[in-house]
Ligand SMILES: Nc1ncnc2c1ncn2[C@@H]1O[C@H](COP(=O)(O)OP(=O)(O)OP(=O)(O)O)[C@@H](O)[C@H]1O
Ligand SMILES: [Mg+2]
């Protein structure tokens, strides 16, 4: 029998949520769930996100699902990691979509705190990595990684995962987090998954939602430039300047694109390298597509 009216909807809602993903909004509750899971010997896999989930995120969740007993996804748009003139105000949100996607993907818990829960009045402690984080994006976004590490460090203490999964699209972020985990002796394994791409090669990103169809078309050149660079290296060219110049030229062939950086670096330290060593050299790029900032990279 189908119940009528509000009570019926509530009931259906409760039934729909039974045994499925649980949304946790308080730090204390998340910590006590994590403690209980760990005391039962359950392995916790963690995927931190800023929401507006796409196939890149789902790929991270799949890895966590495969290797963990319980999967926690956090959704938190970390205001402090955005610069004063950046896109925090317009960052895309769709919690209902994210909830359905997590349910479909077999997530056990979504940690979805309010900003005041994470940063109560008077908050004043930050985690700063002082080498890797200062290069590439660290130059144009000087406080970004300090605030990323701070939120990730906090989330690690809240979720207490055995491992956490990140994406190679944000290669510098992954490297900085690995460095923090090593330097601070965290007993959390950091897993980095390959970049998931659209059909034309554009790396999936929540920020792609900002692109108009014309900008979206031009953004396709980013992956073409990375692939061209890889072809050059595969054909025997090891000179960093030459490959960087070629990559920049391809990117700049589109009127809407402005290069922020094109650099070939050591994939662990993000230090520039002079000569390309196959499998040990990362070509990382950041561009403006009009007012939308996109990043991508490829291992050469
Ligand atoms: N295309 C992708 N392939 C694999 N992992 C990805 C991809 N895009 C994002 N991720 C990873 O998902 C995690 C959460 O990232 P986030 O929520 O910031 O999404 P995002 O798409 O990077 O959004 P934005 O580009 O707006 O920052 C990070 O570990 C990030 O590296
Ligand atoms: Mg991101």
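The values are calculated or read from the model by the stated rules, or taken from the named source; none is laboratory data. All of these numbers come straight from a predicted model, not from anything done at the bench. Ideal geometry is used to build each Cβ from the backbone, glycine not excepted, and the neighbour counts take in all protein chains shown.
The residues of the stretch 241-258 that are assigned to a helix (DSSP H, G or I) and in contact (Cβ under 8 Å) with a residue 40 or more places away in the chain amount to a single one, 243. Pairs are defined by a Cβ separation below 6 Å, a sequence spacing of at least 6 or placement on different chains, a first member in the stretch 199-220 that is away from ligand 1 (no atom under 12 Å from the Cβ), and a second member that is part of a helix (DSSP H, G or I); the pairs so defined are 200/220. Take the residues in the stretch 208-238 that are in contact with a strand residue (DSSP E or B) (Cβ under 7 Å, 6 or more places away or on another chain) and surrounded by fewer than 18 Cβ atoms within 10 Å (Cβ to Cβ), then tell me which one is nearest to residue 156 (Cα to Cα). Selected residue: 230.
This table checks each residue for (1) over 18 Å from residue 167 (Cα atoms); (2) surrounded by 22 or more Cβ atoms within 10 Å (Cβ to Cβ).
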{"residue": "275", "(1), (2)": "yes, no"}
{"residue": "283", "(1), (2)": "no, yes"}
{"residue": "287", "(1), (2)": "yes, yes"}
{"residue": "297", "(1), (2)": "no, yes"}
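Please state which one of 39, 32, 74 is at pLDDT 95 or above and in contact with a strand residue (DSSP E or B) (Cβ under 7 Å, 6 or more places away or on another chain). Show your work before the answer.
Values: 39 fails: in contact with a strand residue (DSSP E or B) (Cβ under 7 Å, 6 or more places away or on another chain); 32 fails: in contact with a strand residue (DSSP E or B) (Cβ under 7 Å, 6 or more places away or on another chain).
Matching residue, one of 39, 32, 74: 74.
Listed conditions (1) at pLDDT 95 or above; (2) within 24 Å of residue 193 (Cβ to Cβ); (3) surrounded by fewer than 16 Cβ atoms within 10 Å (Cβ to Cβ) are all met by residue 242, apart from (2).
Of the residues making up the stretch 85-101, one or more are over 27 Å from residue 140 (Cα atoms) and touching a residue at least 60 places away in the same chain (Cβ under 8 Å). If a residue has to be crowded, with 21+ Cβ neighbours inside 10 Å, more than 20 Å from the chain's Cα centre (by Cα) and assigned to a loop (DSSP other than H, G, I, E, B) to count, how many in the stretch 259-273 make the cut? Going through the stretch 259-273 one residue at a time, the tally reaches 0.
Scanning the stretch 70-88 for residues that are surrounded by fewer than 19 Cβ atoms within 10 Å (Cβ to Cβ) and not in a helix (DSSP H, G or I) gives 77, 82, 83, 84, 85, 86, 87. Can you say whether residue 194 is more than 10 Å from ligand 1 (Cβ to nearest atom) and at pLDDT 95 or above, as far as the supplied structure shows? When the stated conditions are applied, residue 194 does not pass them. Taking the criterion of being under 19 Å from the mean Cα position of the chain (by Cα) and without any contact (Cβ under 8 Å) to a residue 24 or more places away in the chain, the residues of the stretch 102-134 that qualify are 128, 134.
Of these, 207, 214, which one is away from ligand 2 (no atom under 16 Å from the Cβ), farther than 21 Å from residue 279 by Cα and either touching a helix residue (DSSP H, G or I) at 6+ places or on another chain (Cβ under 8 Å) or not in a loop (DSSP other than H, G, I, E, B) (or both)?
On the way: 207 fails: away from ligand 2 (no atom under 16 Å from the Cβ).
Matching residue, one of 207, 214: 214.
Might you check whether a residue that is part of a loop (DSSP other than H, G, I, E, B), surrounded by 14 or more Cβ atoms within 10 Å (Cβ to Cβ) and within 16 Å of ligand 1 (Cβ to nearest atom) occurs anywhere in the stretch 55-67? No, there is no match, as no residue in the stretch 55-67 is part of a loop (DSSP other than H, G, I, E, B), surrounded by 14 or more Cβ atoms within 10 Å (Cβ to Cβ) and within 16 Å of ligand 1 (Cβ to nearest atom).
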